[in-house]
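Working notes, structure below.
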Amino acid sequence: MAKIAGKVSRVVGPLVEVEEASSLRMLDMVEVGENHLVGEVVRLVKERAYLQVYEDTTSLRAGDFVYTQGYPLYVELGPGLIGKIYDGIQRPLDVLREKEGCFINRGVHVSALDKQKKWHFRPLRKEGDSVKAGEIAGEVPETQLIKHKIMIPPGFEGRIRWIAGEGDYTVEEKIAVLENDEGIQRQVSMYQKWPVRKPRPYREKLGITEPLITGQRVIDTLFPVGKGGCVAVPGGFGTGKTVIQHQVAKWSDADIVVFVGCGERGNEMTDVLLTFPKLIDPRTQRPLMERTIFIANTSNMPVAAREASIYTGITMAEYYRDMGYTVALMADSTSRWAEALRELSGRLEEMPLEEGFPAYLASRLAEFYERAGRIKTLGGTEGSITVISSVSPPGGDFSEPVTAHTKRFIRCFWALDRDLANARHYPSISWIESYSEYIDDIKEWWHKEVDEEWLSLRYSIIELLQKEQRLQQVVKLVGASVLPVRQRLILETCTIFKNAFLQQFAFDKVDTFSSPRKQFLMLKAIVTFYRKGEVLVKKGINTSELKALPVYQDLLRMRMKYPESELDKLEEMVKKTESSLGELDY
């Protein structure tokens, strides 16, 4: 039951100053005014508290009461999260629409989980079993793709005195009773509450060994991210940050996708929400919504709610990670979150640093990215969270504070290039500025699951791209025709690679997704063309003769010509490339 914890004395945008607030603690969740607007304590000074309110504070006035239940801002975790669309403070938008209409009114309180719906519970433990926090007591088929593991909440342990039989229960009904060594009993239900700013516990952090396969060739082959890693996607307006995150969310091999639209434009979130329900997972042939959670916080919503949306998303991701699932969290974008931090810091009259951002910007970013990783759960299984966050530097300036600080805490960087975007080359990930530090961690997976030649082929093509960049400076001055034939072969090979491999058409059924095997075969065909061509040009063959071969056109068209069901034909094309160039060797 909420109790009165103070009175409003001043309102400055999302910042509310409260007097007579001696009972409040830092980060306590509060409800402000007659409408019970949701907020959080962000500063305490003697008898005064400063609140960050996550809803529109218009019409709040001095003297309004502030209420609290004495616990931090939390989320409800249990069956029913998958396929839902929430706002930044975990209110389901479909329920809000039914209750309020098409616009979200202030102070509307609805449960994040459907407390009336019954779920089919199947116990996996029996009476008398000893259990610890994080261990699985039973499971619920949340969707046809996801089995929801009912875990013993953190802080609970003991012997099972009673457990429910297989049947249908609501999330609030008790499904087990535990008794500890002191004889104290605690009830377990199918849902639990967790404070969003507190990382969920785990047994130990593990090293990264496996890549997150996205189906995007420039990512998986050149700049891969490991499961449990962190990657930033910076780029100016119109360079394709959101499109890349949409593609990764659609086609990555993560078990669960949590998509957080943090302060993004409403039309971008609308595109996601209209597109995803129609998409089919290529691996399971089931709707992608059966493994996806959306948090829709748009730019016209209160700025302060952007911070809540980020923490809500990562907490949900940790919950499914603790079940042993691989989770991919898309945060679009952390720059909007940083803008919310900057605005609140200004309202609090704190000393600003570069570009007005608060001094604690770096530590907040670090806290967020540290919650990613591959871990051994309390229950003994393995799970991971991969964070893919976009950054929106003004004017595409990567030296601005948010991008600069983000680079300190991530190991993979997909820099988006405006020139590539203007040339309609998508994904517009720059092969010059981007990098990945996960190569050594995941190379064994590629060698075992795909081919042992993968790493050498990757290094070969990156070396050619670096040479091509230097040659382009000469070409701009004097033209390509004056270059030696060997250097023209480098230019020609890189042209094939950029057009036939790095460029990928998201709306083509064949080209939108490429399996690791297909990527390897395409890369091998291009490198084979260069290596065989290099031998031929030393013997006097001109690049025009190489371009006249039919296999040259096959290389340019292979990304759309060979679907996943015809990779054997792509293997034949690799052999054909070698034999066709061999016929010129005289």
Report summary line: The ³J(HN,Hα) series, computed from each phi in region 74-86 with the Karplus coefficients 6.51, -1.76 and 1.60 at θ = phi - 60°, rounded to the nearest Hz and given as x for glycine or proline, is 10, 10, 8, 10, x, x, x, 6, 5, x, 8, 10, 10
Query raised in the report: For the modelled label position 7 Å from the Cα of Lys118 along Cα-to-Cβ, which residues of region 150-180 have backbone nitrogen atoms closer than 11 Å?
Result: 167-170
Query raised in the report: What GluC sites (Glu not before Pro) does region 421-505 have in DSSP loop regions with at most 16 other beta carbons within 10 Å?
Result: Glu433, Glu437, Glu452, Glu453
**Report entry** Ile104-Tyr67 FRET efficiency (beta carbon distance; Förster radius 25 Å; 0.05 resolution)
**Finding:** 0.75
Report summary line: Expressed as a percent, the accessible surface of region 280-364 that is carbon or sulfur, using a 1.4 Å probe and the full set of protein chains, is 53
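Cα convex hull of region 5-101: how many Å³ per residue?
On the way: hull volume 10.0 nm³, N = 97.
Spelled out: Cα convex hull of region 5-101, divided by residues, is 103 Å³.
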Report task. Calculate how many DSSP beta bridges within region 202-299 are antiparallel, expressed in % of all such bridges and rounded to the nearest 5. Result -> 20
**Report entry** Approximate spin-label separation Val482-Leu353, in nm, with each point projected 7 Å along Cα-to-Cβ
**Finding:** 4.9
Query raised in the report: What is the log10 of I(q)/I(0) for region 414-531, computed with the Debye formula using one identical point scatterer on each Cα and no solvent, at q = 0.10, 0.18, 0.24 Å⁻¹?
Result: -0.35, -1.11, -1.54
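What FRET efficiency comes out for Glu127 versus Lys198 if R0 is 51 angstrom and r is the Cβ-Cβ distance? Round to the nearest 0.05.
Details: r = 32 Å, r/R0 = 0.63.
For Glu127 and Lys198, the calculated efficiency is 0.95.
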Query - Helix 454-478 axis, angle to the chain major axis (alpha carbon atoms, nearest 10°) - result: 70
**Report entry** Bridge type composition, the chain - antiparallel percent by DSSP, nearest 5
**Finding:** 70
Report summary line: Note, region 291-302: 3J(HN,Hα) by Karplus (6.51, -1.76, 1.60, θ = phi - 60°), whole Hz, Gly/Pro = x, goes 9, 10, 10, 10, 10, 9, 10, 9, 5, 8, 7, x
Requested in this report: Calculate, in nm to one decimal, what Lys407 and Lys7 gain on full extension: separation in residues at 0.36 nm each, minus their alpha carbon distance.
Outcome: 139.8 nm
**Report entry** Acute angle (nearest 10 degrees) that the helix 305-321 long axis makes with the longest principal axis of the chain, alpha-carbon atoms
**Finding:** 80
Report task. Give the long-range amide H neighbours of Asp87: residues separated by 5 or more places, or on another chain, with amide H under 5 Å away, using H modelled in the peptide plane at 1.01 Å from N. Result -> Leu93, Ala296
**Report entry** Structure-derived semi-axes √(5λ) of the Cα gyration tensor in Å: which label, when the choices are [x] 40, 32, 25; [y] 111, 20, 18; [z] 50, 29, 19
**Finding:** [z]
Report summary line: With only helices counted (DSSP H, runs n ≥ 4, each -39500 (n - 2.57)), the per-residue ellipticity at 222 nm for the chain, to the nearest 500, works out to -10000 deg cm²/dmol
Query raised in the report: When the convex hull of the C-alpha atoms of region 273-395 is computed, what volume per residue in Å³ does it have?
Result: 137
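Given a Förster distance of 35 angstrom, what is the FRET efficiency for Thr209 paired with Leu279, based on the Cβ-Cβ distance and rounded to 0.05? Walk me through the numbers before you get to the answer.
Numbers: r = 29 Å, r/R0 = 0.83.
That gives a FRET efficiency of 0.75.
Mind listing which trypsin sites (Lys or Arg not before Pro) in region 106-200 are in a DSSP loop and have 10 or fewer other Cβ atoms within 10 Å?
The qualifying sites are Lys126.
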**Report entry** Evaluated over region 152-305, the Cα radius of gyration and Dmax, each in Å
**Finding:** 20.6, 62
Report task. Return one number: the angle in degrees, 0 to 90 and rounded to the nearest 10, between the long axis of the Cα atoms of helix 439-449 and the longest principal axis of the Cα atoms of the chain. Result -> 70
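Add +1 for every Lys or Arg and -1 for every Asp or Glu among the other residues with Cβ under 13 Å from the Cβ of Thr403, and state the total.
On the way: positive: Lys241, Lys407, Arg408; negative: Glu354, Glu355, Asp397, Glu400, Glu433.
That sum, taken over residues with Cβ under 13 Å, equals -2.
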Query raised in the report: Please report, for the Cα atoms of region 469-586, the Rg to one decimal and the Dmax as a whole number; what are they, in angstrom?
Result: 15.0, 46
Query - Net charge over other residues, Cβ less than 10 angstrom from the Cβ of Val527 (K, R count +1; D, E count -1) - result: +3
Report summary line: In order over region 521-533: 3J(HN,Hα) from phi, Karplus 6.51/-1.76/1.60, θ = phi - 60°, whole Hz, x for each Gly or Pro, gives 5, 5, 5, 5, 4, 5, 5, 4, 4, 5, 5, 5, x
Query raised in the report: Taking 0.36 nm per residue of separation and subtracting the Cα-Cα distance, what length does fully extending Lys538 through Ile184 add?
Result: 119.1 nm
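The values are calculated or read from the model by the stated rules, or taken from the named source; none is laboratory data. Worth saying up front: this structure is predicted, and the values here are computed from it rather than measured. Because the Cβ atoms are built from the backbone with ideal geometry, glycine has one as well, and the counts that use them run over all protein chains shown. Only protein heavy atoms, including side chains, enter the accessible area calculation; ligands, DNA and RNA are left aside. Shrake-Rupley method; radii C 1.70, N 1.55, O 1.52, S 1.80 Å.
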